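The values are calculated or read from the model by the stated rules, or taken from the named source; none is laboratory data. Since we're looking at a predicted model, the values are computed, not measured. Positions of Cβ are backbone-derived with ideal geometry, glycine not excepted, and every protein chain shown enters the neighbour counts. What goes into the accessible areas is simple: the full protein's heavy atoms, side chains included, and nothing from ligands, DNA or RNA. Shrake-Rupley method; radii C 1.70, N 1.55, O 1.52, S 1.80 Å.
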Amino acid sequence: MSEFFWDNQIEYLERTRGLYYNDDYLEFLIQKVWRINEPVKIIDYGCGYGYLGLKLLPMLPSGSSYTGVDKGEALIHKAKAVFSSLPYPTEFIWGDVEELPIVNEYDIAMCHAFLLHLNKPENIIQKMIQSVKHQGRIICFEPHWIANMANYRFEGLAQSQIIPLGILQKLFEKDCDQRGKDGNIGILVPALLSQLGLKNIECRVSDKVNFLDSNVDTAAKNELYNALRAEGIGQLPGEMTETLSQLMQRGLTADEAKSQYEAERLLSEEFNMQSMLTYAPNMKISFGTVVK
Ligand SMILES: C[S@@+](CC[C@H](N)C(=O)[O-])C[C@H]1O[C@@H](n2cnc3c(N)ncnc32)[C@H](O)[C@@H]1O
């Protein structure tokens with residue numbers, strides 16, 4: 001079994017990707033916003049099992065190709081297996097994006113939920129820029145955790161009981177300061193693209209608002225509930241003393257840590273298949289044109 005964290009997260013990735021975008025919204029982006037009407041060569045940095053390729057290739061002009069790069073060996077095996085029975089031109093490269101040589105030949109370099117895991121995302125965006133042609137495009141689908149946290153409604157509980165926004169805001173900022181990884185990177189990417197010289201920069205937001213309806217009982221609802229669980233919603237917090245100590249190490253005061261712990265405990269107790277929950281992940285989709 002691989003020791004690389006993401007190689008052991010394939011089930012999580014497969015369960016949760018459906019929470020972010022409706023297919024018609026991705027089609028809208030391709031056709032109306034990016035106006036892609038000729039075949040394109042795409043490279044996806046930190047591709048995982050090829051989620052973006054699976055979603056976008058059927059919507060792109062025929063002849064479009066998809067190259068995925070990932071550090072997870074099991075993920076690359078999985079991606080190859082997934083695409084082996086599909087009719088699209090694909091290539092999968094196992095390797096660390098930070099060390100891979102750059103090939104200047106793509107029309108679009110993209111990434112999904114990737115930059116937030118890097119200490120120096122601007123270096124990788126620079127690589128993405130170098131890997132596309134003149135007038136090529138960079139597209140980054142990245143999370144904006146605090147916007148995500150603001151997008152919960154749980155029937156029967158005040159939002160502030162389960163999501164203490166101010167505390168979480170501080171926690172995400174402290175995490176970024178301490179670990180150099182930014183869960184709010186989605187809202188930062190437009191500025192990074194501008195600093196790196198891209199033109200025509202725009203940013204959109206993911207469209208999907210997931211609704212777990214306590215009044216229906218369908219297979220789709222079951223799947224959504226499992227996806228929400230896999231996303232971490234209603235997860236039982238760890239043992240209290242240890243969790244409080246970890247939260248304080250991450251920069252919260254004792255009172256803030258207790259409030260955060262209580263909020264997580266309450267949601268974990270209340271969340272079940274019969275809950276009525278509305279939740280939008282609020283990914284930011286930033287893009288711009290490369291001028292060489
Ligand atoms: C949250 S997952 C997203 C995967 C995929 N983009 C998706 O949305 O399904 C982050 C991915 O980044 C990959 N990754 C992290 N650091 C990497 C690096 N230095 N080089 C290549 N891939 C990396 C991980 O292996 C993992 O597949």
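Roll a 1.4 Å probe over the protein chains and send me the accessible area per residue for the chain in Å².
Details: 14240 Å² over 292 residues.
Dividing the accessible area of the chain by its residue count gives 49 Å².
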(request) Name the long-range amide H neighbours of Asp44: under 5 Å, sequence gap of 5 or more, or other chain; modelled H, no Pro or chain starts. (result) Thr67, Gly68, Val69, Met110
(message) Spelling out what I want: for every residue of the stretch 33-40, take phi, set θ = phi - 60°, compute 6.51 cos²θ - 1.76 cosθ + 1.60 (Karplus), and round to whole Hz; glycine and proline get x.
(response) 9, 8, 6, 8, 10, 10, x, 10
(request) Please give the helix 219-230 orientation as an angle from the longest Cα principal axis of the chain, in degrees from 0 to 90, rounded to the nearest 10. (result) 80
(message) If you roll a 1.4 angstrom probe over the protein chains with everything in place, what fraction of the accessible area of the chain belongs to carbon and sulfur, to the nearest %?
(response) 49
(message) So, taking all protein chains as they sit and a 1.4 Å probe, how much accessible area belongs to Val33, in Å² rounded to tens?
(response) 30
(request) Just add up the charged neighbours of Glu262: K/R +1, D/E -1, any other residue whose Cβ is under 13 Å from the Cβ of Glu262. (result) -3
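On a full-extension model of 0.36 nm per residue, what is the gain between Thr241 and Val291, subtracting their alpha-carbon distance, rounded to one decimal in nm?
Numbers: separation 50, 0.36 × 50 = 18.00 nm, distance 5.34 nm.
Gain on extension, Thr241 to Val291, equals 12.7 nm.
What trypsin sites (Lys or Arg not before Pro) in the stretch 27-121 are in a loop by DSSP, with at most 14 other Cβ atoms within 10 Å of the Cβ?
Details: sites: Lys32, Arg35, Lys41, Lys55, Lys71, Lys78, Lys80; in loops: Arg35, Lys71.
Those that pass, being in a loop and sparsely packed, are Arg35.
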(request) Kindly report, to the nearest 10 Å², the accessible surface of Met149 as traced by a 1.4 Å probe over protein heavy atoms only. (result) 40
(message) Just to check I understand the Karplus step: with θ = phi - 60° and J = 6.51 cos²θ - 1.76 cosθ + 1.60, what whole-Hz values come out for the stretch 48-55, glycine and proline as x?
(response) x, 8, x, 3, 5, x, 4, 6
(request) Using the Karplus curve 6.51 cos²θ - 1.76 cosθ + 1.60 with θ = phi - 60°, work out ³J(HN,Hα) for each residue of the stretch 247-253 in order, rounded to whole Hz, and write x for Gly and Pro. (result) 5, 6, 4, 7, x, 7, 6
(message) Please compute the modelled spin-label separation between Asn119 and Glu14, points set 7 Å along Cα→Cβ, answer in nm with one decimal.
(response) 3.3
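Quote to one decimal, in nm, the extra length available between Val205 and Glu269 on full extension: 0.36 nm per residue of separation minus the C-alpha distance between them. Walk me through the numbers on the way to the answer.
Numbers: separation 64, 0.36 × 64 = 23.04 nm, distance 3.08 nm.
Extending this stretch completely gives an extra 20.0 nm.
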(request) Could you tell me the largest-minus-smallest coordinate of the C-alpha atoms of the stretch 46-122 on each of the three principal axes, in descending order and whole angstroms? (result) 35, 27, 21
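Report the net charge of residues surrounding Ile162, where surrounding means a beta-carbon distance below 12 angstrom and charges are Lys +1, Arg +1, Asp -1, Glu -1.
Values: positive: Arg153, Arg265; negative: Glu155, Glu262, Glu264, Glu269, Glu270.
Local charge sum for Ile162: -3.
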(request) Give the long-range amide H neighbours of Asn210: residues separated by 5 or more places, or on another chain, with amide H under 5 Å away, using H modelled in the peptide plane at 1.01 Å from N. (result) Tyr279, Ala280
(message) What does the net charge come to around Glu202 if you take all other residues with beta carbon closer than 12 Å to its beta carbon, with K and R at +1 and D and E at -1?
(response) +4
(request) Could you pull out every residue, at least 5 positions away or on a different chain, whose amide H is within less than 5 Å of the one on Met283? Hs are placed 1.01 Å off N in the peptide plane, and Pro or chain starts have none. (result) Ser206
(request) Give the range of the longest stretch in the chain that excludes all chymotrypsin sites (Phe, Trp or Tyr not before Pro) found in loop regions by DSSP and having at most 16 other beta-carbon atoms within 10 Å. (result) 35-292
